[in-house]
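Novice: Before we start, here is the structure in question, set down as structure tokens.
Read-outs throughout are calculated quantities, based only on the coordinates presented, and are distinct from any laboratory measurement. Bear in mind that the values here come from a model prediction, so they are computed numbers and not experimental data. Don't worry about glycine lacking a Cβ; one is built from the backbone with ideal geometry, like all the others, and counts go over all protein chains shown.
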């Protein structure tokens, strides 16, 4: 009986008859169903996967067709033109459509995370593509969200992603959700250079001991204290954003996300600086040439990534010349790192 029903359905679909499909269903119900399907089209099954995996698949295709050397050369050129690790801003545009909005006609909080996955994937490919040939991957550890302004239904918004800081295990990736009020500039505008006070992970402090764990009374030479609670970090985060100079493109930051990732080789955690080194991010041409030699080795650098780097004479200095600020140091990243460590430690109390 089921087989006969299936055959009848196939016959209806392939027939040239004017007899409508499912004639027992009222036409107005079919119209509503079709309307809802069209409105929900961006959230159809597997479309999220296509948006996220487009960037690594495209990178794999280019590396396969052009060859790794040609691809890495062009990739490195684009990386330098983007400002390097400190100043790179990876931008992805989206629009708040019906499928992503709640009953208040605003972008649903859950959709910030869903839609930013593609932006973060693009950032990872644009920033660290060469290191993935070794078998490295990036694992998600945590996400911290601060919502400051709603994104109305129908509004186009920008997801701008950059690196905020990193330590011996975690790399903290910052994503801003930016909307543009009527009369404001859009894609043609460029954001002004980011100064020390304009960092989204604000200018906090380094613990005087130089360790990874700030003490409760830690202060820096500049007189700033390390925040000791998540509430304090969020307060400073919001204050730094609202007190910063207006964006040159006229945009307004609606939400900030800080996402914690770590680099993994199987079950082994790789320090971010080693991944930076294998990504050809070193400012020293000799270091880049040495890293390139490792990537072109028989195992494509897998053994080096798993722990072979520890046997290097300068193991403690590998990757230390990546993402340097105007002062020639990584202090800008270290301050954000200690701030995020304070958040994690205090959240553990719950």
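Novice: Quickly rank 156-168, 28-40 as a protection proxy: mean count of other C-beta atoms within 10 Å, highest first.
Specialist: 156-168, 28-40
Novice: For segment 279-350, what are Rg and Dmax over the alpha carbons, in angstrom?
Specialist: Answer for segment 279-350, Rg first and Dmax second: 16.1, 48 Å.
Novice: Taking 0.36 nm per residue of sequence separation and subtracting the Cα-Cα distance, how much length would be gained by fully extending the chain between residue 347 and residue 81, in nm to one decimal?
Specialist: Length gained between residue 347 and residue 81: 91.9 nm.
Novice: Given points 7 Å out from each Cα along the Cα-Cβ axis, report the residue 310 to residue 267 separation in nanometres with one decimal.
Specialist: Reported label-point gap for residue 310 and residue 267 is 1.6 nm.
Novice: If you don't mind, there's one more thing I want to ask. Mind ranking 264-271, 324-331, 85-92, 125-132 by how tightly packed they are, going by the mean number of other C-beta atoms within 10 angstrom, highest first?
Specialist: Highest mean packing first, the order is 125-132, 85-92, 264-271, 324-331.
Novice: I need the calculated FRET efficiency for the pair residue 58 and residue 289, taking r as the beta carbon distance and R₀ as 25 Å, to the nearest 0.05.
Specialist: So, using R0 = 25 Å, E works out to roughly 0.40.
Novice: Hey, what's the Kirkwood Rh for segment 40-112 if you take every pair of different alpha carbons, in angstrom?
Specialist: 15.2
Novice: Which whole-angstrom value gives the distance between the alpha carbon centres of segment 262-297 and segment 88-122?
Specialist: Here the two parts' Cα centres lie 32 Å apart.
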